[in-house]
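The structure under discussion appears below in the form of structure tokens.
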Amino acid sequence: MKSFTTWQQFMAILYAQITQKDSLRDIVTGFSAHALRWYHLGLTGIHKSTLSDANANRAYQIFEALFYHLLSRCRDLTPKHKFRFKNPLYTIDASTIDLCLSVFPWAKFRTTKGAIKLHCLYDHSGALPTFLTVTDGKKHDVRVVKDTPFPLLPDSIVSVDKAYIDYAWLNSLDAQGVWFVTRAKTNIDYAVVGQYPVSSKRVISDECISLQGPLTRTKYPKELRLIRYYDEERDKNLSQNPFSS
């Protein structure tokens with residue numbers, strides 16, 4: 001700790017992330033090329049073995065606490081934009097991050113490939129993530145949101161893609177008072193029970209529907225809203241289910 005402080009470790013990790021370094025030797029070599037500028041960052045020296053020991057033995061919680069401290073400040077400083085809703089607007093999605101299987105054998109994804117999934121709750125009001133969780137690459141997206149208490153408040157709106165269509169989970173969101181929007185699957189079994197006025201030239205139809213499948217109707221017995229609209233950018237007709245609570 002005296003020769004290589006936690007601040008110096010953080011600087012090394014941050015430098016590695018920004019410059020996309022993929023090994024300790026690469027990090028140390030890159031730092032050595034800028035040794036005359038170390039004093040600007042409060043660094044006095046860096047060695048591969050010292051950095052390795054620090055990463056292996058020091059608690060990660062200090063960096064976790066730093067992240068949440070900076071996140072709370074960024075929420076107040078992020079620029080606002082004109083795209084706003086009266087309700088808080090979120091998106092849930094997952095990204096797959098490749099890993100070396102020989103270094104991370106617990107992250108087995110395919111036969112010769114390792115990976116983890118980063119599941120994120122994204123807040124559009126500040127363009128910032130508000131909740132993150134990491135799983136192995138094989139974990140299905142909808143299983144994560146069903147097993148993890150994502151912090152969604154009543155009257156908020158959450159947008160998800162078709163990978164998250166699980167009617168039992170969507171019904172649980174409705175029970176919490178959360179509005180949600182997702183793409184409709186092509187094989188959705190439904191009956192039209194009503195019509196809404198078309199509010200835009202791009203909207204082809206706006207229908208009130210009910211699920212007809214015996215299992216899906218049990219999982220989500222309420223009426224849903226199905227909107228078809230024309231996407232000019234992709235020259236394609238799309239269908240979405242805005243489910244209102």
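Each reported figure results from applying straightforward, stated rules to the coordinates on display, with no laboratory input. Since the model is a prediction, treat every value here as computed from it, not as a measurement. Methodologically, a virtual Cβ is constructed for each residue, glycine included, from the backbone with ideal geometry; neighbour enumeration extends over all protein chains shown.
In square nanometres, what is one fourth of the surface area of the convex hull spanned by the alpha carbons of the chain? Walk me through the intermediate numbers first.
Working: hull surface 73.0 nm².
About 18.3 nm², averaged over all directions.
Helix 48-57: angle to the longest alpha-carbon principal axis of the chain, degrees 0 to 90, nearest 10?
Here the helix axis deviates by roughly 50 degrees.
Test of understanding: in a Gaussian network model of the chain with alpha carbons linked when under 10 Å, which of V198, V178, V145 would top the mean-square fluctuation ranking?
Evaluated over the chain, the most mobile residue of the options is V198.
Which angle from 0 to 90°, rounded to the nearest 10, does the C-alpha axis of helix 61-77 make with the longest principal axis of the chain?
In the chain, helix 61-77 runs at an angle near 60 degrees to the longest axis.
Please pull out the direction-averaged projected area of the range 6-58, using the convex hull of its alpha-carbon atoms, in nm² to one decimal place. Write down the numbers at each step before the final one.
Working: hull surface 13.3 nm².
The number I arrive at for the range 6-58 is 3.3 nm².
Could you line up E64, E233, E207, E223 from fewest to most neighbouring Cβ atoms inside 10 Å?
Working: E64 10, E233 5, E207 17, E223 14.
In order of increasing Cβ crowding within 10 Å: E233, E64, E223, E207.
Can you sort V28, V203, V160 by how many other beta carbons sit within 10 Å, fewest first?
Working: V28 18, V203 14, V160 22.
Placing the least packed residue first, the sequence is V203, V28, V160.
In debye, nearest 20, what is the charge dipole magnitude of the chain about its Cα centre with +1 on Lys and Arg Cβ and -1 on Asp and Glu Cβ, if you could check? Don't jump to the answer; show the numbers that get you there.
Working: 32 positive and 23 negative charges, 61 e Å.
That gives the chain a dipole magnitude of about 300 debye.
How many nm separate the modelled label positions at T6 and A191, each set 7 Å beyond the Cα in the direction of the Cβ?
Taking the two extended label points, one gets 6.3 nm.
Just to verify a number: FRET efficiency for H34 and K138, C-beta to C-beta distance, R0 = 35 Å, to 0.05? Intermediate values should be presented prior to the final figure.
Numbers: r = 40 Å, r/R0 = 1.15.
The computed FRET efficiency comes out at 0.30.
For helix 6-18, report the angle its Cα long axis makes with the longest principal axis of the Cα atoms of the chain; keep it between 0 and 90° and round to the nearest 10°.
With both axes taken from Cα atoms, the answer is about 60 degrees.
Taking the beta-carbon count within 10 Å as an exposure proxy, list H119, H69 from fewest neighbours to most. Provide the component values of the computation, followed by the final result.
On the way: H119 19, H69 10.
Ordered by Cβ neighbours within 10 Å, fewest first: H69, H119.
Please turn the phi angles of the range 212-229 into ³J(HN,Hα) values with the Karplus equation 6.51 cos²θ - 1.76 cosθ + 1.60 (θ = phi - 60°), one per residue in order, whole Hz, x for glycine and proline.
10, x, x, 6, 5, 5, 6, 6, 9, x, 7, 7, 10, 10, 10, 10, 10, 9
Any idea which of T112, A65, S32 is furthest toward the positive side of the dipole for the chain, if Lys and Arg beta-carbons carry +1 and Asp and Glu beta-carbons -1?
S32
Take every DSSP beta bridge whose two residues both sit in the chain, then give the antiparallel share in percent to the nearest 5.
On the way: 40 of 47 bridges.
Just about 85 percent of them are antiparallel.
Taking trypsin sites (Lys or Arg not before Pro) as exposed when DSSP calls them loop (any state but H, G, I, E, B) and at most 10 other Cβ atoms lie within 10 Å, what is the longest stretch of the chain free of them, the sites themselves excluded?
Working: sites that count: K2, K80, K82, R84, K86, K201, R234.
Answer from the scan: 87-200.
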